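Before any comments, here is the structure.
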Amino acid sequence: MSNLDNLRVSEADREEASARLAEHYSTGRLTDDDYYERLDAVWSAKVRADLEMLFTDLPKSAPQPPQAVRRPRRGRPRAFPLVACFLLVAIGLVVMGVPWWVFAAIAVGALVFRKGHHHSHHHHQHFRRSVH
């Protein structure tokens, strides 16, 4: 037994041991009784050797490869929700008696604003890259 085996168990050690036991339990290496018995022993362990005794008949856990993290999409918002909202508002206003050319003017204004806004946003990003 090494000096490390005589070190007192920390909360992090207990949590890691619990996670390792859960992994073995989920793969079917431990029965319900074995799992809960060993889990109780994890929380009553005093030194690291007490924890290691719980794993002597189990294979070493292979390190899990890091999971790929999906990043949220950046860039333009999807057009469908915007178009659907615009159409619903347009239909509602037409039913209320607003002339069609008002919507044409709003749509053209929105497109012009969007192109101008997109251009200035792109210019701002380019400027930030060149400064940093």
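The values are calculated or read from the model by the stated rules, or taken from the named source; none is laboratory data. Because the structure is predicted, anything quoted here is derived from the model rather than measured. Please note: Cβ atoms are built from the backbone with ideal geometry, for glycine as well, and neighbour counts cover all protein chains shown. These area figures cover heavy atoms from the full protein model, side chains too; ligands, DNA and RNA do not enter into them. Shrake-Rupley method; radii C 1.70, N 1.55, O 1.52, S 1.80 Å.
Taking the criterion of being at pLDDT 75 or above, open to solvent by less than 100 Å² (accessible area, probe 1.4 Å) and in contact with an Asp or Glu (Cβ under 6 Å, 6 or more places away or on another chain), would at least one residue in region 49-60 satisfy it?
yes
Does region 79-110 hold any residues that are modelled with pLDDT of 75 or more, β-branched (Val, Ile, Thr) and either surrounded by 10 or more Cβ atoms within 10 Å (Cβ to Cβ) or touching a helix residue (DSSP H, G or I) at 6+ places or on another chain (Cβ under 7 Å) (or both), and which are they?
VAL89, ILE91, VAL94, VAL98, VAL102, ILE106, VAL108 - these are the residues of region 79-110 that are modelled with pLDDT of 75 or more, β-branched (Val, Ile, Thr) and either surrounded by 10 or more Cβ atoms within 10 Å (Cβ to Cβ) or touching a helix residue (DSSP H, G or I) at 6+ places or on another chain (Cβ under 7 Å) (or both).
Just a yes or no: is a residue in region 62-73 surrounded by 15 or more Cβ atoms within 10 Å (Cβ to Cβ) and either modelled with pLDDT of 90 or more or among the polar types (S, T, N, Q) (or both)? Outline the logic, then answer.
Filtering region 62-73 down to residues surrounded by 15 or more Cβ atoms within 10 Å (Cβ to Cβ) leaves none.
Within region 62-73 (the criterion being surrounded by 15 or more Cβ atoms within 10 Å (Cβ to Cβ) and either modelled with pLDDT of 90 or more or among the polar types (S, T, N, Q) (or both)), the answer is no, since none of the residues qualifies.
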